[in-house]
Amino acid sequence: MARKNARELLDEAEALLRKGRLDLAASRYRETIAALGKHPSADKVRARLGLVLLRLGRFDEAAGELERVCRSDPSAENRYRLAQAHAFAGRQEEACSLLAGVLEDDPNHQPAIARTAALYQYIGRGDEAMALIDDAIQRGLTGREIAHAFASFAIKHDRAADAIDLLTPHAEDQTLAPDVRGEMLFSLGRLLDAAGEFDRAWSAYEQGNALTRRPFDADRHDAVIDALIERYTPETLRALAEDGEEGKRAILIVGMPRSGTTLIEQIIAAHPAVESGGELAALNAAISGIPGRKTGEIHPPLNRVRGASLRRARRTYLDALDAVSTTADRVTDKMPNNFVHLGLVPAILPGAAVVHCRRDVRDTALSCYFRNFVTGNAFTGDLVSIARYIKAYLRLMRHWRAALPKACPDMPFVEVEYEVVSADPEPNSKKVVEGVRLPWDSACLAFGRDGKMAPTLEPDQAG
């Protein structure tokens, strides 16, 4: 078969991007860059790759690509995208510095104004954020980026009505790309909900989900969950469990999306001995690296979970913890859907602790429906799929609750109710912290005040 040229590879990458197949699009963009070599157009393709990596949440990779682009073309747009990557990777100072440079060159650069305002709000400079937005509006800068940034924090400033007026024309603009307009509608829904306009809010959420919905095969997902329950009996789990405490640094926080995993991570990560890892993709990567997995299965054959393959998987995960911190005694990983991988945790991460976050499933379902997940969580686009996914999740967690403590009695397995912790933080936070075998520290009641954790920043729809 003849090798594809750069034009063909680029066309494939763009087609994959339009279909929302971001991982494959990123791979094709990389192949295009390799095919172009030192051709001047390679940096334009690299900039596209940077945008896709932003959407995938691979912010450090995005920053690396965009830094290379900026060395040859330090345009305002390229520096703005690099600032985004730094912001989402937690490097706020670098982001603010880049954005200040963009605005010095172009005071009317609306995306940079919007991102700066969002960063100010994020780091506790809310009055400055609001002043920046108000100044932009007074100067007639009312584009969708400004409107969307305003919407993200207007409720905190009792300005929901103003934000609704500014955002509504953009949410109704049918010339916008579906994913971009969808994000406007989700933001509008939150504002209308806060303003008590519930019928309009529901309509906005319905339209947003219709525009951003992705395929979800509930029957296949049920089959995957059933196979996990059948495979991981207490006897199998006991046989898989490794001796030692090589995985002791890991604190896995699992549950449904929107079930309180962020709150629980904030509480635990406020402990002086703990560093927050956020949502790490490391466990899935570690398991994917074990050979022999068949099509349609998420785990390899159990006879492959041993020897060199098992050691490599463990090293993959532990390296990810080291990338977060080499000095913290413990590191949290709040990837919610790691609940599907708990059967392999006793083998890959002996000594790891698991915290299962539970929340009223009705609240969880609506919270998922009201959230625009750019990647992953394809089940959230309609209420029937959400219900099917929740039922499968509950079925699997009932199995782990019965099987894991019986098979691995030394493995910390803590379950916590979001509503209970919210209503009475101190005794329930203490239960969680001590449950993962940490000494209680009152700092865990002051989470979010030391800079270790903060409200989640969400990347723009890049494109």
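The values are calculated or read from the model by the stated rules, or taken from the named source; none is laboratory data. Keep in mind that what you see is a predicted model, and the values were worked out from it rather than measured. Reconstructed Cβ throughout: ideal geometry from the backbone, glycine too, with neighbour counts over all protein chains shown.
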Search result, residues across region 123-159 that are outside any helix (DSSP H, G or I), within 27 Å of the chain's Cα centre (by Cα) and closer than 18 Å to residue 201 by Cβ: 154
3 or more residues touching a residue at least 12 places away in the same chain (Cβ under 8 Å) and over 23 Å from residue 405 (Cα atoms): qualifying helices (runs of 4 or more DSSP H) within region 228-303: 261-269, 282-288
Qualifying residue in region 99-122 (condition: surrounded by fewer than 15 Cβ atoms within 10 Å (Cβ to Cβ) and closer than 29 Å to residue 320 by Cβ): no
Only listed residue being closer than 17 Å to residue 225 by Cβ and surrounded by fewer than 19 Cβ atoms within 10 Å (Cβ to Cβ), chosen from 402, 392: 402
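In this structure, does residue 101 turn out to be among the small types (Gly, Ala, Ser), touching a residue at least 40 places away in the same chain (Cβ under 8 Å) and not assigned by TED's automatic domain parsing to the domain that holds residue 325? First the steps, then the outcome.
On the way: among the small types (Gly, Ala, Ser): yes; touching a residue at least 40 places away in the same chain (Cβ under 8 Å): no; not assigned by TED's automatic domain parsing to the domain that holds residue 325: yes.
Against the criterion (among the small types (Gly, Ala, Ser), touching a residue at least 40 places away in the same chain (Cβ under 8 Å) and not assigned by TED's automatic domain parsing to the domain that holds residue 325), residue 101 does not qualify.
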So residue 388, is it more than 21 Å from the chain's Cα centre (by Cα), basic (Lys, Arg) and modelled with pLDDT of 95 or more: yes
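Filtering region 344-381 down to residues that are aromatic (Phe, Trp, Tyr) and outside any loop (DSSP other than H, G, I, E, B), which residue is surrounded by the fewest Cβ atoms within 10 Å (Cβ to Cβ)?
Going through region 344-381, the residues aromatic (Phe, Trp, Tyr) turn out to be 369-370, 373, 379.
Add one more test, that the residue is outside any loop (DSSP other than H, G, I, E, B), and what stays is 369, 379.
On the way: 369: 21, 379: 23.
Only one residue fits best here, namely 369.
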Selection count where residues are surrounded by 15 or more Cβ atoms within 10 Å (Cβ to Cβ), assigned to a helix (DSSP H, G or I) and more than 23 Å from the chain's Cα centre (by Cα), scope region 406-419: 1
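Does residue 62 count as surrounded by 19 or more Cβ atoms within 10 Å (Cβ to Cβ) and assigned by TED's automatic domain parsing to the domain that holds residue 20? If you could, list the steps in order and put the result at the bottom.
Values: surrounded by 19 or more Cβ atoms within 10 Å (Cβ to Cβ): yes; assigned by TED's automatic domain parsing to the domain that holds residue 20: yes.
It is true that residue 62 is surrounded by 19 or more Cβ atoms within 10 Å (Cβ to Cβ) and assigned by TED's automatic domain parsing to the domain that holds residue 20.
Going by the conditions given, is residue 401 in contact with an Asp or Glu (Cβ under 9 Å, 6 or more places away or on another chain), closer than 24 Å to residue 314 by Cα, assigned by TED's automatic domain parsing to the domain that holds residue 222 and not aliphatic (A, V, I, L, M)?
Details: in contact with an Asp or Glu (Cβ under 9 Å, 6 or more places away or on another chain): yes; closer than 24 Å to residue 314 by Cα: yes; assigned by TED's automatic domain parsing to the domain that holds residue 222: yes; not aliphatic (A, V, I, L, M): yes.
Spelling it out, residue 401 is indeed in contact with an Asp or Glu (Cβ under 9 Å, 6 or more places away or on another chain), closer than 24 Å to residue 314 by Cα, assigned by TED's automatic domain parsing to the domain that holds residue 222 and not aliphatic (A, V, I, L, M).
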Looking only at region 150-183, and only at residues there that are touching a Ser or Thr at 6+ places or on another chain (Cβ under 9 Å) and of a type in the set (A, V, I, L, M), the one that is nearest to residue 212 (Cα to Cα): 171
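Name every residue in region 8-22 that is among the small types (Gly, Ala, Ser) and either touching an Asp or Glu at 6+ places or on another chain (Cβ under 9 Å) or in contact (Cβ under 8 Å) with a residue 12 or more places away in the chain (or both), in order of residue number. Let's see the steps before the verdict.
Taking region 8-22 first, the residues among the small types (Gly, Ala, Ser) are 13, 15, 20.
If the condition is that a residue be among the small types (Gly, Ala, Ser) and either touching an Asp or Glu at 6+ places or on another chain (Cβ under 9 Å) or in contact (Cβ under 8 Å) with a residue 12 or more places away in the chain (or both), then 13, 20 are the ones that fit.
Hey, among 22, 51, 66, 16, which residue is among the aliphatic types (A, V, I, L, M), touching a Lys or Arg at 6+ places or on another chain (Cβ under 7 Å) and more than 29 Å from residue 109 (Cβ to Cβ)?
Values: 22 fails: more than 29 Å from residue 109 (Cβ to Cβ); 51 fails: more than 29 Å from residue 109 (Cβ to Cβ); 66 fails: more than 29 Å from residue 109 (Cβ to Cβ).
One residue alone meets the criteria, 16.
Quick one: in region 415-463, of everything that is modelled with pLDDT of 50 or more and polar (S, T, N, Q), which residue is farthest from residue 177 (Cα to Cα)? Spell out how you get there, then give the answer.
From region 415-463, those modelled with pLDDT of 50 or more are 415-448; that's our starting set.
Adding the requirement that they be polar (S, T, N, Q) leaves 422, 428-429, 442.
Working: 422: 38, 428: 45, 429: 43, 442: 48 Å.
Once the filter is applied, the top-ranked residue is 442.
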Unmet criterion (only one of (1) over 20 Å from residue 137 (Cα atoms); (2) more than 24 Å from the chain's Cα centre (by Cα); (3) at pLDDT 95 or above; (4) among the charged types (D, E, K, R)) for residue 77: (3)
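One line per residue, one yes/no per condition, for (1) within 21 Å of residue 376 (Cβ to Cβ); (2) part of a helix (DSSP H, G or I):
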| position | (1), (2) |
| --- | --- |
| 11 | no, yes |
| 14 | no, yes |
| 26 | yes, yes |
| 31 | no, yes |
| 35 | no, yes |
| 39 | no, no |
| 44 | no, yes |
| 50 | yes, yes |
| 62 | yes, yes |
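Considering only region 29-42, I want to know if a residue exists there that is assigned by TED's automatic domain parsing to the domain that holds residue 81 and within 25 Å of residue 215 (Cα to Cα). Please lay out each step first, then the result.
Narrowing region 29-42 to residues assigned by TED's automatic domain parsing to the domain that holds residue 81: 29-42.
So of that shortlist, the ones also within 25 Å of residue 215 (Cα to Cα) come out as 29.
There is at least one residue in region 29-42 that is assigned by TED's automatic domain parsing to the domain that holds residue 81 and within 25 Å of residue 215 (Cα to Cα).
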Those residues of region 196-252 which are of a type in the set (S, T, N, Q) and either under 21 Å from residue 302 (Cα atoms) or more than 22 Å from the chain's Cα centre (by Cα) (or both), in sequence order: 203, 207, 233, 236
